[in-house]
1. Scan region 59-91 for residues that are within 30 Å of Ser11 (Cα to Cα) and touching a Leu at 6+ places or on another chain (Cβ under 8 Å) and jot them down.
2. Failed condition for Tyr78, given (1) within 19 Å of Ala104 (Cα to Cα); (2) surrounded by 24 or more Cβ atoms within 10 Å (Cβ to Cβ); (3) touching a Gly at 6+ places or on another chain (Cβ under 8 Å), with all others met?
3. When residues of region 95-133 are filtered for being open to solvent by less than 10 Å² (accessible area, probe 1.4 Å) and under 29 Å from Asp9 (Cβ atoms), how many remain?
4. Which of the following residues is crowded, with 21+ Cβ neighbours inside 10 Å and either touching a Gly at 6+ places or on another chain (Cβ under 9 Å) or assigned to a loop (DSSP other than H, G, I, E, B) (or both): Ala27, Ala47?
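The values are calculated or read from the model by the stated rules, or taken from the named source; none is laboratory data. If you're wondering where the values come from, they're calculated on a predicted model, not measured in any experiment. Heads up, the Cβs are rebuilt from the backbone with ideal geometry, glycines too, and the neighbour counts pull from every protein chain shown. Heads up: the accessible areas ignore ligands, DNA and RNA and are worked out on the full protein's heavy atoms, side chains in. Shrake-Rupley method; radii C 1.70, N 1.55, O 1.52, S 1.80 Å.
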Amino acid sequence: DTGTGIAVDGSQNVYVVGDTTSITFPATAMQRSNRGGMDAFVSKLSADGSRLVFSTYLGGTSDDHGAAIAVDATGSSYVTGSTYSTDFPTANPYQSRLSGGQDAFVARLSADGTSLVFGTFLGGTGGSLGFPEAGQGIALDTLGNAYIAGVTSSTDFPLLHPLQISKRGSSSDAFVAKFTAAGSLSYSTYLGGSSVDTAN
């Protein structure tokens, strides 16, 4: 079990994202069982650390990785990472299907952790072992818009109003994307040069 990201809300509750291969991970909310070899997880702890408010697996039947988390003023958590699962949980998705071996994902959980407000794949056909496609950082503005930074090896990464219209690197470029609080894509762009680029 590995924790990879942490966030704190206005009441000092703690939110953790990561991944687990455990079938006995303490899951009490939306997804209560491990569906693949490695699933992402999202957990909320009380401010004093004495109580697990909620915890959920987040994944499909292949390997899934939770990388980063942010929390809005209502306690809704936004996470990003990567997935190889064709059946990764989605809701109101911008991209409903896995495009390649590995895609990034973006998901927003309800404040109580029992449901997805939105969940979407974000990727092209180029993600594979050694040539990653993954969301690796996430931030929110005061309106609940989510900004995702990551890495892509796809020449067909989904773009909208891009600053950079094509992948320049021989293996990977960074990407930056913005989603609204409801899960609509506002923009998405490559960001890189002729060598290897990644955003964390």
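1. Applying the first criterion (within 30 Å of Ser11 (Cα to Cα)) to region 59-91 yields 59, 64-82, 89-91.
Those that are within 30 Å of Ser11 (Cα to Cα) and touching a Leu at 6+ places or on another chain (Cβ under 8 Å): Asp64, Gly66, Ala70, Val71, Asp72, Ser76, Ser77, Tyr78, Val79, Pro89, Thr90, Ala91.
2. (3)
3. Step one: list which residues in region 95-133 are open to solvent by less than 10 Å² (accessible area, probe 1.4 Å), which gives 103-107, 109, 113, 118-124, 127, 133.
Still in the list and also under 29 Å from Asp9 (Cβ atoms): 103-107, 109, 113, 118-122.
The number of residues fulfilling the criteria is 12.
4. Numbers: Ala47 fails: crowded, with 21+ Cβ neighbours inside 10 Å.
Exactly one of Ala27, Ala47 is crowded, with 21+ Cβ neighbours inside 10 Å and either touching a Gly at 6+ places or on another chain (Cβ under 9 Å) or assigned to a loop (DSSP other than H, G, I, E, B) (or both), namely Ala27.
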